[in-house]
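Okay, structure first, notes after.
The values are calculated or read from the model by the stated rules, or taken from the named source; none is laboratory data. This one's a predicted model, so the numbers in the text were calculated from it and none came from an experiment. Positions of Cβ are backbone-derived with ideal geometry, glycine not excepted, and every protein chain shown enters the neighbour counts.
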Amino acid sequence: MTPRLTQYAHGGGCACKIPPGELESIVAGLTGAAPKDPVGDLLVGLDTGDDAAVVGVRPDLALVATADFFTPVVDDPYDWGRIAAANALSDVYAMGGKPVVAVNLLGWPREVLPMELAAEVLRGGRDVAASAGCHVAGGHSVDDPEPKYGMAVTGIVDPAKTLRNDTGRAGVPLSLTKPLGIGVLNTRHKATGEVFPQAVEAMSTLNREASAAAIAAGITCATDITGFGLLGHLYKLVRASGVSAIIDSAAVPYLDGAREALRDGFVSGGSRRNLDWVRPHVDLSTVEESEALLLTDSQTSGGLLVAGEVPGGIVVGELVPQGNHAIVLK
C-alpha cells in the first residue's frame with residue numbers, strides 16, 4: 001500500500017508558511033544593505049513583500065529570482081511534484097516574467113519513505129517545468145524527518161513591463177484568475193483521504209496565460225494568491241500601493257466542495273492566523289466569520305490577483321482611494 005504523504009507532515013502546502021506578521025518582523029532589518037560592486041540594480045526587493053526579487057542587468061532585461069517549497073499537500077507524489085513546481089513558477093509569472101531555469105529543493109525522510117516516491121515527486125516537478133519551457137538542472141537534497149519539495153527558479157522580465165504589488169491605483173478593477181477554496185479542500189484531503197480532482201487541477205495549472213494577458217493589456221500591478229489568502233495578499237498590495245480596496249464577497253469564485261469543507265470544519269491553522277493578521281485592517285461587518293475564513297483561506301498555487309481586467313479572470317472588486325480601512329467587504 002502506498003503511504004499517504006500528507007500523514008508525514010504537520011501541515012500541508014502553503015498553510016505551513018510562517019504567519020505573515022511574524023515573517024515581517026523577522027525580515028524587517030534585512031533591507032537597505034547593498035552588496036559591494038553588484039552586477040545589476042535591485043529593482044524589486046524585500047521592501048514591499050513582493051512575490052520575487054528582480055535585478056536589472058540591462059535596460060531591456062532583468063532577472064527574476066524566487067524559491068518556494070512546502071510539505072505534501074496531496075498524497076499522490078507525482079501530483080505533489082506538479083503542484084509544488086507550478087507554485088514556484090507562479091512567483092515568476094506574478095512579476096510578469098518568464099521562467100528560464102529551476103533547481104530542485106528536496107527534503108526526504110529516507111529511512112521512512114521509499115526513495116521511489118521521491119523520484120515520482122521530482123518527475124512531477126520536471127514535467128510541469130518542461131510544460132513552462134523551463135529547464136530543471138539539478139538542485140539540493142537533505143535527509144529530513146518531514147518531506148518537503150519545491151524549486152528555486154530564475155526567470156527574465158522586461159523592466160518596463162514588470163508586474164509589481166506597489167503600482168496599484170484607485171479606480172482600477174481587481175480580477176482573480178483562479179477560484180479559491182484550495183486550502184479547505186486540502187485540509188479535508190489530509191484528514192480524510194478524500195481526493196478532490198478539481199483542487200489538483202487548479203493547483204497544477206500554470207499562471208502563464210494570466211500573466212501574459214496582464215502584460216498584453218498594459219497592466220502593471222499584480223500578485224499571486226498563496227499562503228496568506230486573498231485578503232492577506234490583497235492587504236500587502238494595497239499597503240504597498242497606498243490605496244484601499246473594496247471586495248464584493250458575492251463575486252469571489254470558489255471550487256466545488258469548498259463551502260461544504262468549511263461547513264464541516266476543515267479549516268487550517270494557517271487560514272485562521274491569516275484572518276487574525278488582517279482583521280484590524282479589514283471591515284468585516286457585512287460578512288459572517290465563516291465567509292471571512294474563506295477569504296483568508298490559505299491557497300497553494302493559487303491564481304493571480306490583477307489590478308485590471310484580464311481574459312478568463314473574474315472581477316471581484318476594485319481599488320479605491322485610501323480610506324479608514326485597507327479593505328472593505330460588501
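Points worth noting:
- Among the residues listed as Leu89, Leu46, the single one being in a helix (DSSP H, G or I) and either farther than 21 Å from Gly11 by Cβ or in the same structural domain as Val195 (by TED's automatic domain parsing) (or both): Leu89
- Filtering Leu237, Leu255 for residues that are of a type outside the set (D, E, K, R) and out of contact with any helix residue (DSSP H, G or I) (no Cβ under 8 Å at 6 or more places or on another chain) leaves a single hit, Leu237.
- Gly181 being over 30 Å from Asp158 (Cα atoms) and either touching a residue at least 40 places away in the same chain (Cβ under 8 Å) or touching a strand residue (DSSP E or B) at 6+ places or on another chain (Cβ under 8 Å) (or both): yes
Results for (1) modelled with pLDDT of 95 or more; (2) among the charged types (D, E, K, R), shown as yes or no for each residue.
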{"position": "Gly107", "(1), (2)": "yes, no"}
{"position": "Leu113", "(1), (2)": "yes, no"}
{"position": "Glu116", "(1), (2)": "yes, yes"}
{"position": "Ala119", "(1), (2)": "yes, no"}
{"position": "Val128", "(1), (2)": "yes, no"}
{"position": "Cys134", "(1), (2)": "yes, no"}
{"position": "Gly138", "(1), (2)": "no, no"}
{"position": "Gly150", "(1), (2)": "yes, no"}
{"position": "Ile156", "(1), (2)": "yes, no"}
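- Of the residues Val142, Val121, Val112, the single one that is part of a loop (DSSP other than H, G, I, E, B) and within 26 Å of Gln7 (Cα to Cα) is Val112.
- Residue check, Asp37 loosely packed, with under 10 Cβ neighbours inside 10 Å and not in a strand (DSSP E or B): yes
- Scope the range 142-159; condition free of Cβ contacts under 8 Å to residues at least 40 places away in the same chain and either touching a Gly at 6+ places or on another chain (Cβ under 7 Å) or assigned by TED's automatic domain parsing to the domain that holds Gly218 (or both); matching residues: Val142, Asp144
- Qualifying residue in the range 299-309 (condition: in the same structural domain as Leu230 (by TED's automatic domain parsing), hydrophobic (A, V, I, L, M, F, W, C), part of a loop (DSSP other than H, G, I, E, B) and in contact (Cβ under 8 Å) with a residue 60 or more places away in the chain): no
- Residue-level check: of (1) surrounded by 15 or more Cβ atoms within 10 Å (Cβ to Cβ); (2) among the hydrophobic types (A, V, I, L, M, F, W, C); (3) over 11 Å from Leu105 (Cα atoms), Met151 misses just (3).
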